[in-house]
Amino acid sequence: MSVPILKQGDVLIASIQAALSDRELAQLHDAFAEQVGRFRSRGVIIDVTALDVLDSFATRTLRSIAYTAKLRGANAVVVGIQPDVAFAMVQLGLSLEGVATALDLEEGLAYIRDVAKRGGQRVR
Amino acid sequence: MSAEVSVSIERDADIVTARHEGRQLAAAAGFSSADQTIIALAISEITRNIVSYAQCGKLTLSRMDEGGRRGILIVAQDDGPGIPDIDLAMRDGYSTAGSLGVGLPGARRVMDEFELVSAPGKGTTVTMKKWLR
Ligand SMILES: Nc1ncnc2c1ncn2[C@@H]1O[C@H](COP(=O)(O)OP(=O)(O)OP(=O)(O)O)[C@@H](O)[C@H]1O
Ligand SMILES: [Mg+2]
């Protein structure tokens, strides 16, 4: 099952619906990389509300998506990390350092609008 | 009470199944939702190691009841290349794959008991226990 990426204005949104295998996560990464360039997107939102675990591979992939977006002049934000998921990550020693996070989709969109207004991290 | 579940681990999709089975068994054993997540995460890490380094292996999950102490027993076994230096492999940040090197030390951190038995050419067995509080 691949994750659909919705385009809302200049923001790309992936809302993950069910547990993903490593391959599916890697596909999501590649799809984002390609579409951020094609649509000249300003922001990328990954909604992980439906994920009941974020492990080392998922963490690494999310970091990589954020970094790839940044290189393209876009901002990435991960939304919807569940409390238990965040707790388990911390216990294990995983972090999403360098990746913006927000409570939900709405806050994620607000964050991207905010950063854009402030001139954001766009490299000119 | 010796409900035992085993999952053969051969490809990345099996990691998802293993996590799911682990969470189910942990829930049935009475673990909190936070602990179920921790157990699923540790299972994810050790089964991914099987797929990444040994290609295939097996995960066995069972409930423990030892003199009133109850919990979950997780055994991940493979006949892969084995680990030449276990102390090194257990170190935070050590990875032969250019990865985070957090899987083994992290799994040890979140479990109550953790044992790694491995030798070059002899495969790897990780045994983890978590007790109900
Ligand atoms: N089942 C196994 N068979 C052979 N070698 C293994 C196995 N599990 C782990 N290793 C070795 O131990 C090292 C450390 O494993 P660990 O899971 O801690 O980190 P990693 O897999 O390299 O990175 P991460 O799990 O953070 O993505 C691995 O790089 C690998 O060399
Ligand atoms: Mg690992």
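Hey, among A:ALA19, A:ALA26, A:ALA14, which residue is surrounded by fewer than 17 Cβ atoms within 10 Å (Cβ to Cβ) and within 26 Å of A:PRO83 (Cα to Cα)? Step through it out loud before you land on a result.
Numbers: A:ALA19 fails: surrounded by fewer than 17 Cβ atoms within 10 Å (Cβ to Cβ); A:ALA14 fails: surrounded by fewer than 17 Cβ atoms within 10 Å (Cβ to Cβ).
From the options A:ALA19, A:ALA26, A:ALA14, the qualifying one is A:ALA26.
Residues considered: B:ARG91, B:ARG48, B:ARG11, B:ARG19. Of these, the only one that is touching a Pro at 6+ places or on another chain (Cβ under 7 Å), over 19 Å from B:LEU132 (Cβ atoms) and charged (D, E, K, R) is B:ARG91. For region B:3-18, the set of residues classified as within 8 Å of chain A (Cβ to nearest Cβ) and small (Gly, Ala, Ser) consists of B:ALA13 only.
Would you mind finding the one in B:GLN55, B:GLN77, B:GLN36 that is free of Cβ contacts under 8 Å to residues at least 60 places away in the same chain and under 30 Å from A:ILE81 (Cβ atoms)?
Values: B:GLN55 fails: under 30 Å from A:ILE81 (Cβ atoms); B:GLN77 fails: under 30 Å from A:ILE81 (Cβ atoms).
The unique qualifying residue is B:GLN36.
Please determine whether any residue of region B:74-88 is modelled with pLDDT of 95 or more, at positive phi and either of a type outside the set (A, V, I, L, M) or exposed (fewer than 15 other Cβ atoms within 10 Å of the Cβ) (or both). Spell out the reasoning first.
Quick first cut of region B:74-88, residues modelled with pLDDT of 95 or more only: B:74-88.
Next, only the ones that are at positive phi stay: B:82.
Now drop any that are not either of a type outside the set (A, V, I, L, M) or exposed (fewer than 15 other Cβ atoms within 10 Å of the Cβ) (or both), which leaves B:82.
Yes: region B:74-88 contains one or more residues that are modelled with pLDDT of 95 or more, at positive phi and either of a type outside the set (A, V, I, L, M) or exposed (fewer than 15 other Cβ atoms within 10 Å of the Cβ) (or both).
Is it the case, given these coordinates, that A:ARG38 is part of a helix (DSSP H, G or I), farther than 30 Å from B:ALA107 by Cβ and either out of contact with any Gly (no Cβ under 9 Å at 6 or more places or on another chain) or small (Gly, Ala, Ser) (or both)? Break it down stepwise before answering.
Working: part of a helix (DSSP H, G or I): yes; farther than 30 Å from B:ALA107 by Cβ: yes; either out of contact with any Gly (no Cβ under 9 Å at 6 or more places or on another chain) or small (Gly, Ala, Ser) (or both): yes.
In short, yes.
If only residues of region A:1-16 that are in a strand (DSSP E or B) and out of contact with any strand residue (DSSP E or B) (no Cβ under 6 Å at 6 or more places or on another chain) are counted, the one that is nearest to A:ARG38 (Cα to Cα) is A:LYS7. Looking across region A:4-25, the residues that are within 14 Å of chain B (Cβ to nearest Cβ) and in contact with a helix residue (DSSP H, G or I) (Cβ under 7 Å, 6 or more places away or on another chain) come down to A:ALA19, A:SER21, A:ASP22, A:ARG23, A:LEU25.
Before we move on, is A:LEU20 closer than 29 Å to B:VAL51 by Cβ, among the aliphatic types (A, V, I, L, M) and more than 13 Å from the chain's Cα centre (by Cα)? Here the answer is yes, as A:LEU20 does meet what is asked. Taking the criterion of being free of Cβ contacts under 8 Å to residues at least 12 places away in the same chain and touching a helix residue (DSSP H, G or I) at 6+ places or on another chain (Cβ under 8 Å), no residue of region A:26-70 qualifies.
List the number of the failed condition for B:GLN77; all other conditions in (1) more than 12 Å from the chain's Cα centre (by Cα); (2) closer than 24 Å to A:ALA58 by Cα hold. Here B:GLN77 clears every test but (1).
The values are calculated or read from the model by the stated rules, or taken from the named source; none is laboratory data. The structure displayed is predicted, hence computed values, not measured ones. So basically every Cβ, Gly included, is an ideal-geometry build from the backbone, and we count neighbours across all protein chains shown.
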